[in-house]
1. Please give the contour-minus-distance gain from Ser293 to Leu224: 0.36 nm per residue of separation, less the Cα-Cα distance, rounded to one decimal in nm.
2. Hey, can you find the accessible area per residue of the chain for me, probe 1.4 Å, expressed in square angstrom?
3. Pick from Gly130, Gly74, Gly275: which residue has the top mean-square fluctuation in a GNM of the chain where Cα pairs under 10 Å get a spring?
4. For the pairs Lys187/Lys435; Lys158/Lys187; Lys134/Lys435; Lys256/Lys358; Lys158/Lys241; Lys101/Lys353, note any where the Cα-Cα span goes beyond 21 Å.
5. Just order 400-410, 414-424, 306-316, 349-359 by mean Cβ neighbour count inside 10 Å, highest at the front, would you?
6. Which of Ser79, Asn323, His396 sits farthest toward the positive end of the charge dipole of the chain, with +1 on the Cβ of Lys and Arg and -1 on the Cβ of Asp and Glu?
7. Where both residues lie in the chain, what percent of DSSP beta bridges are antiparallel, nearest 5?
8. What spacing in nm lies between the two simple spin-label points modelled at Leu303 and Gln161, each 7 Å away from Cα in the Cβ direction?
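The values are calculated or read from the model by the stated rules, or taken from the named source; none is laboratory data. Quantities reported herein were computed from a predicted structural model and do not represent experimental measurements. Reconstructed Cβ throughout: ideal geometry from the backbone, glycine too, with neighbour counts over all protein chains shown. Note: accessible area is taken over every heavy atom of the protein model, side chains too, but ligands, DNA and RNA are not part of it. Shrake-Rupley method; radii C 1.70, N 1.55, O 1.52, S 1.80 Å.
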Amino acid sequence: MWSLVGALLLSVSTQALDGRAVATVPRSLMSYATRPVLASEVSANTTPDPVAKQAIANMLNELKQLGLPNPAQGAWIQSHDGVIASGNLSNRPLPSASLTKIVTTLASLQTWGSNYRFITNISITGNLVGDTLKGDLIIEGGGDPFFVWEEAIALANKINQLGIKRIQGNLIVTGRFAMNFETDLVKAANFLRLAFDSSRWEGEVAEQYATMPVGTPKPQLVILGNIRTVPSLASSNISSKSLIRHASLPLWQILKRMNTFSNNEMAEMLASQLGGGRQVAAIAANATEIPISEINLVNGSGLGQANQISPRAVVAVLMAVHNRAQVEGLTLADLFPISDCNCGTIEGRKMPKGAIVKTGTLSDVSALAGVVQTQQHGPIWFALVNRGEGNIDDFHRSQDNVLQNLVAKWGLLKSPSPSFAETPWRDSDRNEVIK
């Protein structure tokens, strides 16, 4: 027992060096006493909680009045301790749209860990003469799904600091490189070339620069040659010298952005590196002990009707994400948006304060899953999967009403418990010069 405690403390101590503040009592230790329990479907069917049952009934009635049949609507609501629960089609796999990203989140954490960073290596050929590199600049991608304008600008500024302002040769891009969620190497390289040279800025790149800290230099790095793409450095016979090692944001920060804005491209890039949708589903099924038949995925984003998850499985996966986050000194709020932010896909929603959620939307699917903290029963876990050709605002209103009905009966916790509070974090220079 104490060896486990020591290992967890060591883990949290290490993470504290990664830009985050860790509570005096590590969440990794507290999590074992506060882990959620997945409620039994049998008990939910035989002795459903009256409040949760009524909230679901109200939702079904609202949707029925809109012409949407009950058999297409899935739901699962349960308390943190698993004592109370109620559902509708709770074990039936349903098209769940971007709730799929909850599964991708779990598979990513299980595989890499919350502090994992994707590395982009920058190297050069030739020699520096004055401020001109008489050779090529090589960018070797390592699968970073969030290499955007700001990352490229910071990288160019670091190259400028090394005295390089012009590249006489080519910009060579290789490996798993993507920029601004564009995985086509040529298109990504053109974005990169534009970001490097501020004299050519207009539109989006200039707008994104304006969001960076005041005083951030505007890079002056001109590529005089052409753009070249090669499958890999090993197969290209290019002899180069390492210049900079660019680290991505830590994985948990990447996942937070992916889930807040429900970014499909980021999810697909992660899932691809994990082995595809079926492997993502297998990792989640193994972690939750939910039958794989209830987690059917063909990709990591949720695009397409073939991605199907049962409402109860959605909650089970969300609980597994919570458990994994707690062990690593994080919370669910560090990985998914909180209703208070009024941002991303939950902008304009009328959910209870402090709800931690993930949305999902397709042409005939609207879904919401997450946790809301109540006074009477503590955290309440839920997954709502609505089907039908309807007005998206009607679906949102019905889902939000379910949560409002629950907190009206059970009370709303005034402030989040430490197990569901966001972890302070500060970014730092992630461009390491190779000596």
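1. 19.4 nm is the gain from fully extending Ser293 to Leu224.
2. 42
3. Of Gly130, Gly74, Gly275, the Gaussian network model singles out Gly130 as fluctuating most.
4. Violating the 21 Å limit, Cα to Cα: Lys187/Lys435; Lys158/Lys187; Lys101/Lys353.
5. Ranked from most to least packed, the peptides come out as 306-316, 349-359, 400-410, 414-424.
6. Asn323
7. The antiparallel fraction comes to roughly 80 percent.
8. That separation, rounded to one decimal, is 3.7 nm.
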